[in-house]
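Reading through the structure tokens given below for one structure.
Laboratory data are not the source of any read-out in this text; all were calculated from the coordinates shown. Keep in mind the model is a prediction, meaning the values are calculated, not measured. Cβ coordinates were reconstructed from backbone atoms using ideal geometry, including for glycine residues, and neighbour counts include every protein chain displayed.
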Amino acid sequence: MKKIPFFALCFLIFYNASAQSWRTVQQALPVLEEQTFYLNSQTRIGGKPRNAIKVVLPENAGQWSYAFTTSKREGGGDNLKLLKQVTDFIGKGLLSSNIVGLTTNLAYQVVKPSGAGVVDVYVTNEKGQEQFFATSWNVYSYAKPEVILDGSRENIKDGTIVINDLSRRTVYLCFNNPSATEGVYVTVEAIAIVTAEQYVDEWTPESKDRFHNTCAEALRYQPQVAKDVCDCQKNKITTRYHPSAYEAMGEQEKATLLDNFLEECFLLTGHSALSPKNRAKALMEEIRGLELVNDHPALTRRYQELLQIGKTDADVYYGLSRHLLCIRDLDNAKAYITQGLGKHPKEVGLWLNLAHHYLFVGNYNEAESIYLRYRGERIAKKLRWEDVVQADFERFRQLGIDPNESTRIQEVLQSSSKR
């Protein structure tokens, strides 16, 4: 399996919050399909001048509306298309504006055929609907329901009525033709505006900032270029990929993508010499020169920078901890040895440095255990363990460091080799 670059790995660890965005949106739902019916006049025989339609509102409705128009001839008032019009408003974002939304201004936005007759419309409850049709001696007992709710209108030709009263989820639209001589066709449609959580396949400002901040954290060793490079990388990711496409990638694919974008951005922003790959190459050249002159303090700084830019190979941990031992920075040496063994538990060179550390701090038993455990092994696939131990002790003595019991360790290793 291809190794995930360190920079990208850090990014994947830090960037653990979902990039997906959810927002509260308004939706139009049909509660009364468009329909047309005929209302006879009050005096003409045959047919009825009244009609009622039951409307059941959804639980999550925040508002509901009905639109109607009238005509003197059948088919003259079709095509209200209330649902389609309001859905289009939502798609254009108008329901979140000051022009259209959960206000009566919605009534002025819906286009509908002009009416040709007049009707009374009463919004009422079940009891009111029963009263509306109650008769005595073929005469209606009530001119109108006793309970008249918000949204009722009288003597009106057409309209789009917006109702905010949702205290009742089941209501009735009761239509009455007040004309004594002329019948009328009525076309009506009703919708409810509901709120819902909707997934939006867009990067949120927070997720964009997280891309930048995570990149900047990984490039904290060179803050002078972090802003340019991280802005560039953030823009490449968020303009080329939707969140769903990015989240669908495997970890290795994400890591490669991030690493490639990083290199591109170092080049595009004019900082190519400071990119992790180029900087690592330059550091390795410096290290080779510093090794020749045994500049241990400078070597520790170069190895630390290699770790910062993502070079976490066992050789880097080995070299850094070895030079920290040479300048007797024992606490940091132990920290990097432990960190390195966590990533490379079988690395013999790191175990050797740990043995040296134990010897330096006077923990002879632990040191001897490691020195004897790996005798006969090879370090860097070519150097004998015993030879490296002897060379290290000689180097320590040249630096004025003579660990207690080092001679005894050498004698134990030599006697073990003779057996």
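Quick rundown of the values:
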| quantity | calculated |
| --- | --- |
| Among Ala218, Asn278, Cys326 the positive-end extreme of the charge dipole of the stretch 212-358 (Cβ point charges) | Cys326 |
| Residue of Thr195, Thr181, Thr269 that the Gaussian network model of the chain assigns the largest fluctuation, springs spanning Cα pairs under 10 Å | Thr181 |
| In order through the stretch 56-70: 3J(HN,Hα) via Karplus (6.51 cos²θ - 1.76 cosθ + 1.60), integer Hz, x for Gly, Pro | 10, 8, x, 5, 8, 5, x, 5, 9, 9, 10, 10, 8, 8, 10 |
| Debye, to nearest 20: dipole size of the stretch 307-368, +1 on Lys, Arg Cβ, -1 on Asp, Glu Cβ | 120 debye |
| For the chain, built as a Gaussian network whose Cα springs stay under 10 Å, the top-fluctuating residue of Ser167, Ser71, Ser114 | Ser167 |
| Among Ser65, Phe89, Gln308 the positive-end extreme of the charge dipole of the chain (Cβ point charges) | Gln308 |
| Taking the C-alpha atoms of the chain, convex hull volume expressed per residue in Å³ | 218 Å³ |
| Fewest-first ranking of Trp203, Trp64, using other Cβ atoms within 10 Å as the exposure measure | Trp203, Trp64 |
| For Ser152, Ser65, order by how many other beta-carbon atoms lie within 10 Å, fewest first | Ser152, Ser65 |
| Positive minus negative residues near Asp120 (Lys, Arg vs Asp, Glu; Cβ under 11 Å) | +2 |
| Rg over Rh, two decimals, the stretch 153-224 (C-alpha only, Kirkwood Rh) | 1.47 |
| 0 to 90° range, to nearest 10: angle between helix 406-418 axis and the chain longest Cα axis | 80 degrees |
| Charge dipole of the chain about the Cα centre (unit charges at C-beta), most positive-ward option of Leu354, Leu29, Cys230 | Leu354 |
| The stretch 267-392: Rg to Rh, with Rh as the Kirkwood radius over Cα pairs | 1.02 |
| Candidates Gly310, Gly270, Gly342: whichever shows maximal mean-square fluctuation once the chain is modelled as a Gaussian network with Cα springs under 10 Å | Gly342 |
| Sequence-distant lysines (8 or more away, or on other chains) whose Cα lies within less than 28 Å of Lys54 | Lys72, Lys81, Lys84, Lys112, Lys127, Lys144, Lys157 |
| In degrees, nearest ten, helix 385-398 long axis to first principal axis of the chain (Cα) | 80 degrees |
| C-alpha long axis of helix 330-343 to longest principal axis of the chain, angle in ° | 60 degrees |
| Principal semi-axes in Å for the stretch 355-409 [√(5λ), Cα gyration tensor, largest first] | 18, 15, 8 |
| Assigned charges on the beta-carbon of Lys, Arg, Asp, Glu; the chain dipole about Cα centre (debye) | 560 debye |
